[in-house]
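Step one of this worksheet: look at the structure below.
No lab work stands behind these numbers, since they all come straight from the coordinates. Keep in mind that this is a model prediction, so the values were computed, not measured. Glycine also receives a Cβ, built like all others from the backbone with ideal geometry; neighbour counts cover every protein chain displayed.
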Amino acid sequence: MTLTASTMLALGVEAPDFHLPDIRGRIWSLADVEGSKGLLIMFICNHCPFVKHIQNVLVQVCAEYQQKYISVIAINSNDFATYPDDSPDNMARQADRLCFTFPYLIDESQAVAKIYHAACTPDFFLFDAQLKLVYRGQFDDSRPGKNIPITGRDLRTAMDAVLAYRPIPTMQKPSMGCNIKWKPGNEPDYYFHPTD
């Protein structure tokens, strides 16, 4: 595990389109997941302890805000040839076990992680109803091994602001987690060297 921070993509950028299969084989594009109030795209995986730490609360938060018309998708961009825990079969088991209410997409080429400048798991990108990036950052201050409650406070605050058409402060804390497991030779140019 290598501790890595979000690249903090520039606010205001428009959500890039994509075409990715989910764990059942359906192909999804941006138009398929666009929400009437907003869209949350999160890069997660199965084996990362930072994802595991928040996953139960994360699933609850996603289900809550989906009912408020913020659409949610999860994308796994890890190299599952090297990390078999993140294989499509294991993704399907994970989604079933945790009762995902959102599509879990497979970015086998890692091209979508690159166009979103994703760097770590978990990595969150919240877009408003016009598909402009308004938040990229952490779920909350909780981390594995820290005695801080898991609430999703930072992401909740951002989604509440989107729903209320309020501006979101631009000072946002980056997410921290495991680095995306890039295929050999596929590390993107924007990728920051992970911290030790």
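Can you give me the relative contact order of the chain as a percent, contacts being Cα pairs under 8 Å and 6 or more apart?
On the way: 398 pairs, mean separation 66.6, N = 196.
After rounding, I find 34 percent.
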- [ ] Find the percent of Cα-Cα distances in the chain that exceed 20 Å, and round it to a whole number.
- [x] 51 percent
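Report the full-extension gain for the segment residue 130 to residue 96: residue separation times 0.36 nm, less the Cα-Cα distance, to one decimal in nm.
Computed gain between residue 130 and residue 96 is 9.1 nm.
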Task: Cysteines, the chain, no other Cys beta-carbon under 4.7 Å - done: 45, 62, 99, 120
Open item on the list: Using a 7 Å offset from Cα along Cα-Cβ at residue 165, what residues in segment 1-23 end up with backbone N under 20 Å from the label point?
Closed with: 12
Task: Table column - 3J(HN,Hα) (Hz), segment 59-74, Karplus curve with 6.51, -1.76, 1.60, x for Gly and Pro - done: 4, 5, 5, 4, 4, 4, 7, 4, 5, 9, 6, 9, 6, 9, 9, 10
TODO: Hand me the chymotrypsin sites (Phe, Trp or Tyr not before Pro) from segment 24-91 located in a DSSP loop with no more than 13 other Cβ atoms within 10 Å, in residue order please.
DONE: 69
- [ ] Could you tally up the Lys pairs in the chain with alpha carbons closer than 30 Å? Skip any pair fewer than 8 positions apart unless they're on separate chains.
- [x] 26
- [ ] Mind giving me the FRET efficiency for residue 24 and residue 52? R0 is 22 Å, r the Cβ-Cβ distance, nearest 0.05 is fine.
- [x] 0.45
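Please find the FRET efficiency linking residue 10 to residue 79, where r is the Cβ-Cβ separation and R0 is fixed at 25 Å, and quote it to the nearest 0.05.
Efficiency at R0 = 25 Å is approximately 0.40.
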TODO: Give a quick list of GluC sites (Glu not before Pro) in segment 1-82 that DSSP marks as loop, anything other than H, G, I, E or B, with at most 16 other Cβ atoms within 10 Å.
DONE: 34
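Antiparallel versus total DSSP beta bridges in the chain: what percent is that, nearest 5? Intermediate values should be presented prior to the final figure.
Details: 20 of 29 bridges.
Bridges in the chain are about 70 percent antiparallel.
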Task: Cα centre as origin, Lys/Arg/Asp/Glu Cβ charges: segment 119-183 dipole, Debye - done: 200 debye
Open item on the list: Under the √(5λ) rule applied to the eigenvalues of the Cα gyration tensor, what semi-axes describe the equivalent ellipsoid of segment 7-72? Give them in Å, descending.
Closed with: 20, 16, 15
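What FRET efficiency do you get for residue 67 and residue 147 if R0 is 30 Å and r is their Cβ-Cβ distance, rounded to the nearest 0.05?
Details: r = 31 Å, r/R0 = 1.03.
It comes to 0.45.
Looking at the chain, which longest stretch skips every one of the trypsin sites (Lys or Arg not before Pro) that is in a DSSP loop with at most 14 other Cβ atoms within 10 Å, leaving the sites themselves out? It would help to have the intermediate numbers written out before the result.
Numbers: sites that count: 24, 26, 68, 146.
Longest site-free region, per DSSP loop and neighbour criteria: 69-145.
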Task: Karplus (6.51, -1.76, 1.60) ³J(HN,Hα), θ = phi - 60°, over segment 151-166, in Hz, Gly and Pro reported as x - done: 10, x, 3, 5, 5, 4, 4, 5, 5, 4, 5, 4, 5, 8, 6, 9
TODO: Determine ³J(HN,Hα), in whole Hz, for all residues of segment 28-41 in sequence, where each value follows from phi through the Karplus function 6.51 cos²θ - 1.76 cosθ + 1.60 and θ = phi - 60°; x replaces Gly and Pro.
DONE: 10, 10, 4, 4, 6, 10, 4, x, 6, 10, x, 9, 10, 10
Task: Amide H contacts under 5 Å for residue 72, placed H, 5+ residues apart - done: 40
- [ ] Please give the contour-minus-distance gain from residue 60 to residue 156: 0.36 nm per residue of separation, less the Cα-Cα distance, rounded to one decimal in nm.
- [x] 33.4 nm
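Run the numbers for residue 2 and residue 37: contour at 0.36 nm per residue of separation, minus the present Cα-Cα distance, in nm. It would help to have the intermediate numbers written out before the result.
Working: separation 35, 0.36 × 35 = 12.60 nm, distance 3.48 nm.
This chain segment gains 9.1 nm when fully extended.
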